[in-house]
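The values are calculated or read from the model by the stated rules, or taken from the named source; none is laboratory data. Bear in mind that the values here come from a model prediction, so they are computed numbers and not experimental data. Cβ placement follows ideal geometry from the backbone for every residue including glycine, while neighbour counts extend to all protein chains displayed. Remember, those area values only see protein heavy atoms, side chains included, never the ligands or the DNA or RNA. Shrake-Rupley method; radii C 1.70, N 1.55, O 1.52, S 1.80 Å.
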Amino acid sequence: YGSAPHSGIISGPLLALAHARVLIMARSLQDFDVGGYVGRSRPRLLGPGCMLGEGDVVRARRRDSGEALAMRRVEVEADPRKAAVILDDLTRASSLKPHGVWLRQYKECSFVHEYVDTFNCRHARCMIVEELADSSLEQEVIQRAAQNTPFSSIFSIWASLLHGLQAFHAQSCLHRSICPRNVFLSGGSVKLGMPGPLGMPAADGYYYKGACFAYSADIFALGLVFLEMAVLHQTLDLLAGGAEAVILELRNLKGGFEVFRTWLYDRCEMFGLAVPEDTIVEVLAAMLEPLPSARPTTDDLLDWPCFAPFVDATLVLPITERPCVILSHRPNAEHSKVPRRDVLTVPGFHQIFSREGAREVEKTRRYQWCGSEFGVWWLAAGEPRLIPDLTDPSKMEDVPPAGLHDGTAAVPPLTARAAAAAVASVSPEDAKPLAFALSSAADRLRTHSWLAAAEVLYRAALAAELKAGEEGGSSAASGSFRSWLGLAACCFVRGRMMAAKRCFAIVQARAQEDEHAAGGVTAMARDCRLFGFCEFFLATEGLDARCAATPRNKPSEAMSALRATHVSMYYRSTLATEVGNWEVLAALGEFYRLIGCPEWPPSEPAPDMATAMSYFEQAKAMTETSAFVQDRLDCLAERAAEPEEEDALSPMSN
């Protein structure tokens, strides 16, 4: 792959031109010592009359620095004059802000190598210089399958890949080339390869009909990669028809999580594969959901509890910057121009629609999301209200102070990298005290509305508890009641209701485990356990359960059920007042502000502003530093002073 053979075949000016071209391009080749073969790429059609031919990947060492790199050499067939355009397409990610999970690409070192063969035919190769990885994920899965060695920290790996893909999507770049061949292992870390070119179909066997017009296609492809990692079996071998048959069968599955789990269990039984745990199956079912608009984005998945200890909270997009799942899948929709989300579904508390996209849900009062179907009481536009995050990134330390492991140093605001380094530096025996210190510091930061900084420390506390407990186990199966409750409260105050509700489900499970470990508790002791801001979800669940258990033809029973809900909340408020738990009072105030006293069956909100104001005022009397409480008091005062206006989503609105 140096200069192509041509001597004795070309003469005259053409020979001079060929020599000049090769010499010019050879100056780039002369910068490298080309080494051994690493891999091979397959021919792929670019369009009528032009395709990428066979290529390979070789080791290359820079002569000036000695740096070991990879050189991807791709033959351009049929029209070499388009080689420069194709090279720009193959290196399109170079204009993006890079992420640490990406396999680095060096566009400044990449070039087009043109030559003329012995038959006087012109050729061109795109020479793309990249970071040299140790191996591909495809090779790793095959090797682990042969040795029957599952991935020991699968959620950590998945979180890294989700962060990598999120960095592309956040910059309005669809990847189009997610497959095990384009995921790499390097120095103990996982790396996501560069995105596929726009001028050719998406990666074979991982995108339906080679199409990638929305984020959901990348999510589906990454779901197939996760599936191979979970069962240590290549997707193309799960059915006789190969990868395309698997994709088609998954797209035709109807029925959500249970149907997908049955399908997966059948595949595992057929091939003698180990069945993944339910948390893994839930992630796979959401990503491989047949309906594209029901698949979560990378940010939605990073909010799931199973990834909590491995997520950098400062990189997760706010809800209001995530695209509407309905409008993202309309024909010719551009990812960067899709309206963002600003609607809250009640009682599911999903934040996945823009106001325009929610119009379709208004008609049916039902929607699908992550493998399940949900009913709607109403849609609340512009909710929940977001409060300012007072986190000062310049005051978040990038290096953990010495003495954190033994408690001799206080925990300052830390970046995610510093928090991870602090957890990595302690032994499993010291991890639990560190978790307590991290969680305590996060509580203080959250009280002063340093919300992002607090969330970083809560996640680090969960990572420390995972290290102290079930090393290599499921992240959702570890972590203390306190840390999960703190993370749930942080997400709630930051307006990420979906994440807060999922964390609250873990909180409830931890409460039951604590009771079991204590040999059981009385019903009174169980009722006295308070859940801070998560009392909002507890109240809504109680209302939903009572409504579901009440026949529609018995309105008197329905009214009794509604009264029982409010009596239960009043009882919770008295407990909170006795112990000075202002977060419970703020949660109840938010319930009466957003939901209130709806008629049965619930179809529109009936805010009780007076009760909401009372609870928020009681909360403020206990804390003067909560921006959340002050914001809600200001909101209620504004609404009391202004005439009521019809919302854009009437009648299913707030």
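Beta carbons closer than 9 Å, at least 6 apart along the sequence or on distinct chains, pair a first residue in the range 177-194 that is without any contact (Cβ under 8 Å) to a residue 12 or more places away in the chain with a second that is surrounded by fewer than 24 Cβ atoms within 10 Å (Cβ to Cβ) and part of a loop (DSSP other than H, G, I, E, B) for Gly188/Asp134. Listed here are the helices (runs of 4 or more DSSP H) enclosed by the range 126-238 that have at least 2 residues being open to solvent by less than 30 Å² (accessible area, probe 1.4 Å) and of a type outside the set (A, V, I, L, M, F, W, C): 154-169, 215-231. For first residues located in the range 537-552 and more than 23 Å from Ala586 (Cβ to Cβ), partners that are part of a helix (DSSP H, G or I) and of a type outside the set (S, T, N, Q) and lie 6+ apart or on another chain with Cβ distances below 6 Å form the pairs Arg546/Ala561; Thr550/Glu557; Thr550/Ala558; Thr550/Ala561. For first residues located in the range 277-290 and open to solvent by 20 Å² or more (accessible area, probe 1.4 Å), partners that are of a type in the set (Gly, Ala, Ser) and in a helix (DSSP H, G or I) and lie 6+ apart or on another chain with Cβ distances below 6 Å form the pairs Thr279/Ala476. Any residue in the range 606-614 that is open to solvent by 70 Å² or more (accessible area, probe 1.4 Å), under 22 Å from Ala381 (Cβ atoms) and at pLDDT 90 or above? No: the range 606-614 contains no residue that is open to solvent by 70 Å² or more (accessible area, probe 1.4 Å), under 22 Å from Ala381 (Cβ atoms) and at pLDDT 90 or above.
Selection over the range 335-371 of residues that are over 24 Å from Ala545 (Cα atoms), free of Cβ contacts under 8 Å to residues at least 40 places away in the same chain and hydroxyl-bearing (Ser, Thr, Tyr) gives a count of 1. Here is the figure for the range 195-209: residues that are touching a residue at least 60 places away in the same chain (Cβ under 8 Å) and either touching a Gly at 6+ places or on another chain (Cβ under 6 Å) or within 18 Å of Leu236 (Cβ to Cβ) (or both) total 2.
The single condition among (1) in contact (Cβ under 8 Å) with a residue 24 or more places away in the chain; (2) in a helix (DSSP H, G or I); (3) surrounded by 16 or more Cβ atoms within 10 Å (Cβ to Cβ) that Ala418 does not meet is (1).
For the range 489-509, a residue qualifies if it is open to solvent by 30 Å² or more (accessible area, probe 1.4 Å) and either free of Cβ contacts under 8 Å to residues at least 60 places away in the same chain or of a type in the set (Ser, Thr, Tyr) (or both), and the qualifying residues are Gln508, Ala509. Looking only at residues of the range 372-414 that are part of a loop (DSSP other than H, G, I, E, B), free of Cβ contacts under 8 Å to residues at least 12 places away in the same chain and open to solvent by 20 Å² or more (accessible area, probe 1.4 Å), we find that the one that is farthest from Tyr592 (Cα to Cα) is Ala402.
Could you tell me whether the range 304-311 includes any residue that is more than 25 Å from Thr279 (Cα to Cα) and either open to solvent by 30 Å² or more (accessible area, probe 1.4 Å) or touching a residue at least 40 places away in the same chain (Cβ under 8 Å) (or both)? No, every residue in the range 304-311 fails to be more than 25 Å from Thr279 (Cα to Cα) and either open to solvent by 30 Å² or more (accessible area, probe 1.4 Å) or touching a residue at least 40 places away in the same chain (Cβ under 8 Å) (or both). Before we move on, is Leu315 touching a residue at least 40 places away in the same chain (Cβ under 8 Å) and more than 30 Å from Pro598 (Cβ to Cβ)? So Leu315 fits the description; yes. Of the residues contained in the range 109-125, one or more are found to be without any contact (Cβ under 8 Å) to a residue 60 or more places away in the chain, outside any helix (DSSP H, G or I) and closer than 17 Å to Leu29 by Cα.
Results for (1) modelled with pLDDT under 90; (2) surrounded by fewer than 19 Cβ atoms within 10 Å (Cβ to Cβ); (3) out of contact with any helix residue (DSSP H, G or I) (no Cβ under 8 Å at 6 or more places or on another chain), shown as yes or no for each residue.
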position	(1), (2), (3)
Tyr37	yes, yes, yes
Leu46	yes, no, no
Gly53	yes, yes, yes
Leu87	no, no, yes
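Tell me whether the range 517-534 contains one or more residues that are at pLDDT 95 or above, among the hydrophobic types (A, V, I, L, M, F, W, C), part of a helix (DSSP H, G or I) and crowded, with 20+ Cβ neighbours inside 10 Å. So far as the range 517-534 goes, yes, one or more of its residues are at pLDDT 95 or above, among the hydrophobic types (A, V, I, L, M, F, W, C), part of a helix (DSSP H, G or I) and crowded, with 20+ Cβ neighbours inside 10 Å.
The set of residues from the range 576-601 being closer than 20 Å to Pro347 by Cβ, out of contact with any Lys or Arg (no Cβ under 8 Å at 6 or more places or on another chain) and buried (at least 20 other Cβ atoms within 10 Å of the Cβ) comprises Ala587, Phe591, Tyr592, Leu594, Ile595. Candidates are the residues of the range 100-125 that are surrounded by fewer than 17 Cβ atoms within 10 Å (Cβ to Cβ) and among the acidic types (Asp, Glu); the one that is modelled with the lowest pLDDT is Asp117.
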